[in-house]
Amino acid sequence: MELISPTVIIILGCVALLLFLQRKNLRGPPCIRGWIPWIGAGFEFGKAPLEFIEKARIKYGPVFTVFVMGTRMTFVTEEEGINVFLKSKEVNFELAVQNPVYRTASIPKNTFLTLHEKLYIMMKGKIGTFNLYQLTGQLTEELHEQLENLGNNGTMELSNLVRHLLYPVTMNILFKKGLFPTDERKIREFYQHFQAYDEGFEYGSQMPECLLRNWSKSKKWLLALFEKNIPDMKTYKSAKDNSMTLMQAMLDIIEMERKEEKSPNYGLLLLWASLSNAVPVAFWTLAFVFSHPTVHETIMEGIASVFGTAGKDKMKVSEDDLKKLPLIKWCILEAIRLRAPGVITRKVLKPVKILNYTVPCGDLLMLSPFWLHRNPKYFPEPELFKPERWKKANLEKHAFLDWFVAFGSGKYQCPGRWFALLQIQICIILILYKYDCSLLDPLPKQSPLHLVGVQQPEGQCRIEFKQRK
Ligand code: HEM
């Protein structure tokens, strides 16, 4: 019998090794699929999604896939995967969010893709750091007006107090002065529908609207509100200067691209984006400050040194005043770090390698700012509210701390982040200047139910406020 030559053996060996390596390289991350077809791990995941992610990381390692409602979501939790999420050209924001945008605001995918970049660039300019401080005066005036309605003293749910201030201020500044209703009944109606829409947003982004009757009713109510007000928004001219509101600038672009029929839908999307995170962030910041007496005291001393001790006059707040009160900004950023969005997402366009795995094209790549901000490697003593950690961030140059991703990252990072910080800073200064405040309940826990956006409080948290003498 003829012996196989050593050359053939070597060639066969090489081929086997190549096939083995190729197989290994194409191996996807461990996948949690549940046992029900299509729904996959939907029930276990839906019960408490934030906890599910952390338990899965401990069990399966730093990269894992969860199959839910026909979708593969691949979570990255350590440096290599996070870098792919943040930097790779093979992962895409627009394609990841086009479905949720269609479900929640009825904006067709092709319209969204045509308009997205133009609208984003406009927003980034209009409410970015260069133009932002033009809004300081208006923000202060509007907030004074809303604070007036609170009276001299009272007890209220802290979330309601924040809503009472930020809903009208945001709508009157970003959309049109006077858009927020002034009639009691209409205000109640707006609250009810916006809250229902906001609370159901996460389900609405995943399920057909016909399964969510009440949510759909509120969505239609809000769309009708915009439909009715868009003609007025278009012709509205600011009494003080000729500047356009953010919504007016949006309407111009939508009209230029001949998509006018979708203007109310963009109004709804902007309304949600501008309120859904800013309101809980203002809530958490105040709740953390009130439950940390030394921080509260230091802030009060700062406010007194800049504006004086009396809380009665309607003082003005300038950019310079804000620079003298850095602790307030640090508290806001620290509250955002601790209550950051559960996930942000990108679509995988071409297979990407992470550790020894290949994440296939079509997967949604998921990054959890909430859990990343709890990694002691990046944020020492991560569970503690430590505003002073922000001293290290170069906020003057508009840079956050490394690994802080609550506003997303990369090309389509949140365009409203500087507006949100400015609005919440002024809101906190004016509340603390006018009132002595204390919490009547302990700091609430965060609800475990949400992945989209900033975490919501679970249970009540009342505040008592008295006008300062
Ligand atoms: C503290 C409050 C806020 C937080 C934590 C927040 C967070 C985020 C995050 C995580 C994203 C996704 C970014 C990504 O995936 O990379 C985003 C997008 C966005 N945010 Fe914010 N946001 C806040 C306030 C605001 C405000 C006040 C506005 C409007 C004035 C706004 C407007 C938007 C818009 C329009 C987008 C979508 C951008 C796009 O389509 O490319 N946000 N935000």
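Taking every C-alpha pair closer than 8 Å and separated by at least 6 residues, the mean separation divided by the residue count of the chain gives a relative contact order of 24 percent.
Cross-link partners of Lys350 among aspartates and glutamates, defined as those whose alpha carbon lies under 18 angstrom from its own and excluding same-chain residues fewer than eight positions apart: Glu80, Glu90, Glu94, Asp363.
Expressed in units of 2.2 N^0.38 Å, where N is the residue count, the Cα radius of gyration of the stretch 327-417 is 1.23. Taking amide hydrogens as placed 1.01 Å from N in the peptide plane, the amide H of Thr358 sits under 5 Å from those of Arg27, Gly28, each at least 5 positions away in sequence or on another chain. For the stretch 165-259, the relative contact order works out to 30 percent when only alpha carbon pairs closer than 8 Å and six or more residues apart are counted.
Applying a DSSP loop filter and a limit of 11 other Cβ atoms within 10 Å to the chymotrypsin sites (Phe, Trp or Tyr not before Pro) in the stretch 86-175 leaves Phe130.
Here the 3J(HN,Hα) profile of the stretch 328-342, calculated from phi with Karplus coefficients 6.51, -1.76 and 1.60 at θ = phi - 60°, is 5, 5, 4, 5, 5, 5, 5, 5, 5, 4, 6, 10, 4, x, x Hz, Gly and Pro shown as x. For the chain, adding -39500 (n - 2.57) for each run of n ≥ 4 DSSP H residues and dividing by the number of residues yields -16500 deg cm²/dmol at 222 nm. Backbone amide hydrogens, once placed in the peptide plane, bring Tyr435 within less than 5 Å of Arg468, excluding anything fewer than 5 places away on its chain. Computed over the stretch 119-223, the P(r) curve from all C-alpha pair distances, binned at 10 Å from the origin, holds 12, 34, 33, 18, 2 percent per bin.
Annotation note: trypsin sites (Lys or Arg not before Pro) in the stretch 229-275 located in DSSP loop regions with a Cβ neighbour count of at most 16 within 10 Å are Lys237, Lys240, Arg258. The Rg/Rh ratio for the stretch 285-345, using Cα coordinates for both the radius of gyration and the Kirkwood hydrodynamic radius, is 1.07.
Quick check: the angle from helix 213-235's long axis to the longest principal axis of the chain, C-alpha only, nearest 10 degrees? The helix 213-235 is inclined about 60 degrees to the chain.
The stretch between Leu440 and Glu51 holds 137.2 nm of extra length on full extension. This uses 0.36 nm per residue minus the Cα-Cα distance.
For the stretch 217-275, the alpha carbon positions stretch 38, 25, 20 Å along the principal axes, listed from largest to smallest. Is any residue of the stretch 222-258 close enough, with backbone N under 11 Å, to a label point placed 7 angstrom from the Cα of Lys177 along the Cα-Cβ axis, and if so, which? It comes to 237-243, nothing else. Site-free segments of the chain were taken between GluC sites (Glu not before Pro) in DSSP loops having at most 14 other Cβ atoms within 10 Å, sites themselves excluded; the longest one is 3-256. For the stretch 205-316, what class follows from the C-alpha gyration tensor (a ≥ b ≥ c being the square roots of its eigenvalues): rounded when a/c is under 1.5, otherwise prolate if a/b is larger than b/c, else oblate? Verdict is oblate for the stretch 205-316.
Approximating the spin labels as points 7 Å out from Cα along Cα→Cβ, the Val8-to-Lys109 distance works out to 5.2 nm.
One way to sum up the overall shape of the chain is the equivalent ellipsoid from its Cα gyration tensor, whose semi-axes run 44, 27, 21 Å, largest first.
Shape index of the stretch 52-151: Rg/Rh, with Rg the Cα radius of gyration and Rh the Kirkwood radius from the inverse mean 1/r over Cα pairs, equals 1.14. Extending 7 Å from Cα along the Cβ direction at Leu349 and again at Tyr191 yields two label points whose distance is 4.6 nm. Computed from backbone phi with θ = phi - 60° and the Karplus coefficients 6.51, -1.76 and 1.60, the 3J(HN,Hα) list for the stretch 259-268 is 10, 3, 5, 9, 4, x, 5, 5, x, 4 Hz; x is used for glycine and proline. Measuring from centroid to centroid over Cα atoms, what is the spacing of the stretch 179-223 and the stretch 309-373 in Å? Comparing the Cα centres of the stretch 179-223 and the stretch 309-373, I get a distance of 26 Å. Centroid-to-centroid, using Cα positions, the stretch 70-87 and the stretch 241-300 are 28 Å apart.
Here the extension length gained between Glu44 and Tyr203 equals 55.7 nm, from 0.36 nm per residue of separation less the Cα-Cα distance.
Estimated at 0.36 nm per residue, the fully extended path between Cys361 and Ala304 surpasses their Cα-Cα distance by 14.9 nm.
Label positions at Ser243 and Leu384, each projected 7 Å from the Cα along the C-beta direction, are separated by 4.0 nm.
The rule of thumb for compact globular proteins, 2.2 N^0.38 Å, goes into the C-alpha radius of gyration of the stretch 372-469 1.30 times.
Note on the stretch 95-159 and the stretch 427-469: Cα centroid distance 21 Å, given to the nearest whole angstrom. Straight-line cross-link reach from Lys219 at under 15 Å between alpha-carbon atoms covers these aspartates and glutamates, not counting any fewer than eight positions away in the same chain: Glu189, Asp198, Glu199, Glu202, Glu209, Glu227. Backbone phi angles across the stretch 200-208, fed through the Karplus curve with coefficients 6.51, -1.76 and 1.60 (θ = phi - 60°), yield HN-Hα couplings of x, 4, 5, 5, x, 7, 10, 10, x Hz in residue order; Gly and Pro are listed as x.
Computed from the coordinates by the stated procedures, all read-outs in this text should not be read as laboratory data. Quick caveat, the model's predicted, so the values are computed rather than measured. Please note: Cβ atoms are built from the backbone with ideal geometry, for glycine as well, and neighbour counts cover all protein chains shown.
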